[in-house]
1. With of a type outside the set (S, T, Y) and without any contact (Cβ under 8 Å) to a residue 60 or more places away in the chain as the only criterion, which of Q346, Q356 stands out?
2. Can you name the residue in segment 45-72 that is in contact with a helix residue (DSSP H, G or I) (Cβ under 7 Å, 6 or more places away or on another chain) and not hydrophobic (A, V, I, L, M, F, W, C) and is also nearest to H484 (Cα to Cα) among such residues?
3. Is there a residue being closer than 18 Å to L189 by Cα and free of Cβ contacts under 8 Å to residues at least 40 places away in the same chain anywhere in segment 315-324?
4. Given the condition part of a strand (DSSP E or B), touching an Asp or Glu at 6+ places or on another chain (Cβ under 8 Å), of a type outside the set (K, R) and surrounded by fewer than 17 Cβ atoms within 10 Å (Cβ to Cβ), answer yes or no: does some residue in segment 80-92 qualify?
5. Is there any pair linking a residue in segment 1-14 that is closer than 13 Å to G40 by Cβ to one that is of a type in the set (S, T, N, Q) and surrounded by fewer than 17 Cβ atoms within 10 Å (Cβ to Cβ), with Cβ under 7 Å and at least six apart or on different chains, and which?
6. Quick check: anything in segment 216-235 within 30 Å of Q304 (Cα to Cα) and among the acidic types (D, E)?
7. Being at pLDDT 90 or above and in a loop (DSSP other than H, G, I, E, B) is true for just one of G47, G32. Which residue is that?
8. Filter segment 62-79 down to the residues that are crowded, with 18+ Cβ neighbours inside 10 Å and of a type outside the set (V, I, T), then identify the one that is farthest from T90 (Cα to Cα).
Amino acid sequence: MLHSIYIKNYVLIEQLEIDFNQRMTVFTGETGAGKSITIGALSLVLGARGDTAVIGSFGEACEVVATFDISNHPAAQKWLLNNDLSDDNTLIIRRTLNQQGRSKLWINGSPTPAHLVKELGRYLVQIHGQHDQIKLLQSATQRQLLDRSGDYGNLLNEVAEVTQQLKQIDNDILALKQAGSLSTEQQQLLDYQYQELQELDLQVGEYEQLHHDLMRVSHAQEIQQTCQQTIEDLDESDQSVRHLLAHHINQLKHLKGFDGAQACQMLDEALINVQEAIQYLTDYASDIEHDPQQQQNIEERLAQISHIARKQNTQAEQLIDHQKQLAEQLNQHQHQSEQQQKLDNQRQKLRHHYYQLSQQLTETRRQAAQQLAKNISTMIQQLGLPDAQLSIAVNPADFNDNTKPVAVGLDQIEFMIAVNKGQSPQPLSKTASGGELSRICLAIEVVGQNHDHSAFVFDEVDTGIGGATAAKVGAIMRKLSEQHQVFAVTHLPQVAGQAHDHILVSKSSDETHGLTRSAVQHLNREQRIQELARMSGGETITKTTLAQAEEFLKTG
């Protein structure tokens, strides 16, 4: 429950602190006195958007501090614990706002972002004003009320989870396409090029070897002649290199007094190398022959390689690497195609599962809608519309290949009302008058209440009604306060008389400083009678209005 609120320099409030009753509290006062200012300050401290226009004339910044007792509020306790903001059973939320638009928020002394404060606020207080009646005419709000009344939270979570999975798969498919998946034409071209290279069957180093072989076969005669001449010079004449080396080695070894063993060793090694070179050149020359057919074969193979290299727009020396790249691209495409098919299959199965869940959700909603409509109709009838019947239409959208899954299902929810007998149900916005709409919305809010909220605020939701209906509205609010803390800003004495605590809001002008201030006052019994009399009879208070005021108070 809201234990107290401290407000400083907010609109017409210079500074005040209010302690609240744990059941039903009403705010009354003359028009323009600022009855809704306190509600506005409460909205601000619970994370509503901060507008510098609310900063009063009594300083450079405004401040609001709300203190809650959450000892009987497990949902709020759990939220605080999950966000490391728990402080036993006491919750203090503080907010400041300066002229530069800078806003700061604290929960139990810890700086906290506004979106988290707003999230916590939904567990603490539910504020209903005349603008909320407009929200109640919206399909999304009506769906939320219906879903809140039903016991199918797990089904809603499952629909939302499948929707998220479908969204992720769609993102994966898009990413796969953006990664460079081949078109059919591109794949056909790469397949053709790769097949052409496989038929070419070019081996690693073959192109370089063919060039070498071509040079050797085309110069075979020259090579043979040069090799033979070299062999002759090295071995076959009396003055050959081999004979001269052997002769001089022999002379040095038998030379008396010559200490040249190292030189002899070097010449021995040279002789061995010459002999090996002679053998190599002999073998090499014997293997070489001028073969025109071999030369033609080599030239044709080189021409074939060069032709395919030109066709595939690469260098002949790079064909092997080019073939590897083609293989990698084709393998990657194959993998992407398989992945695409896998994702498409998953998507199709998930969409089918989503449709099945949505159908189940539609049927479950229709069952919940019947019970909720019945309860709201009963409440509306108690509020002076005895023939009114509310119904809730649950209409699923068509589901086809182009339908985008929605986390809340496919249903369009619409609250319909027939105020009088013989009328066919029509949307709320098209049938109800202002006073009727106030009562209908109040009934919807009370019956469709979220039991996680510890406090309800009704800001002039009783506009447009009076008399016995007003008394019934007050009685319903009082009944609601048996389970929840209730605040009501009202101009109806029938409602105000039902409250457990009555706060009078007034304003005064300071002619010296040119300032206007709002003030609040908890009323005792006699003061309440005077205020109720004023509300029912205007400025002139008579014995009749006082007696009527006492009756309002006795009823409460």
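The values are calculated or read from the model by the stated rules, or taken from the named source; none is laboratory data. From a predicted model like this one, the values you see are computed outputs, not experimental measurements. A quick note on method: Cβ atoms are made from the backbone with ideal geometry, for glycine too, and the neighbour counts reach across all protein chains shown.
1. None of the others qualify; the one that does is Q356.
2. G47
3. Scanning segment 315-324 turns up at least one residue that is closer than 18 Å to L189 by Cα and free of Cβ contacts under 8 Å to residues at least 40 places away in the same chain.
4. yes
5. Cβ pairs passing all conditions: L12/T516.
6. Checked against the condition, which is being within 30 Å of Q304 (Cα to Cα) and among the acidic types (D, E), segment 216-235 yields at least one hit.
7. Only one candidate passes the filter, namely G47.
8. C62
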